[in-house]
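A short worksheet on the structure shown next.
The values are calculated or read from the model by the stated rules, or taken from the named source; none is laboratory data. Predicted model, so just to flag it, every value in this text is computed and none were measured. Here the Cβ is made from the backbone with ideal geometry for all residues, glycine too, and neighbour counts use every protein chain on show.
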Amino acid sequence: MNLFYYIHYSMKKEKQITKYRQMGSRNKKTGKLNYYTITSVDHKKFECECLGFQYRTYKDCKHITRLKYLLCIDR
């Protein structure tokens, strides 16, 4: 039984994690641009570090929507 578990574990596909950097909107006080890091797991699950995604994790923020459009995913 241990041998089967070892073979099953060694044949498991590793997940591909990709990080993207997306430009946000301009800060009104300082005039600087905000940049957000978007993490992708196998181009299926996306996570963003912006405040909009932290409040609503069930819905994609505008940065994830724009990145999916640029990568031609889920049109």
Where a residue in segment 55-75 is surrounded by 12 or more Cβ atoms within 10 Å (Cβ to Cβ) and part of a loop (DSSP other than H, G, I, E, B) and its partner, wherever it lies, is modelled with pLDDT under 85 and not small (Gly, Ala, Ser), with Cβ under 7 Å and at least six apart: Ile73/His43
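I'd like the residue in segment 11-57 that is aliphatic (A, V, I, L, M) and within 15 Å of Tyr69 (Cα to Cα) and, out of all such residues, is nearest to the chain's Cα centre (by Cα).
Residues of segment 11-57 aliphatic (A, V, I, L, M): 11, 17, 23, 33, 38, 41, 51.
If we keep only those that are within 15 Å of Tyr69 (Cα to Cα) too, we end up with 23, 38.
Working: Met23: 14, Ile38: 4 Å.
Among residues in segment 11-57 that are aliphatic (A, V, I, L, M) and within 15 Å of Tyr69 (Cα to Cα), the one nearest to the chain's Cα centre (by Cα) is Ile38.
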Any hit, segment 33-47, residues being assigned to a helix (DSSP H, G or I) and farther than 14 Å from Tyr20 by Cα: no
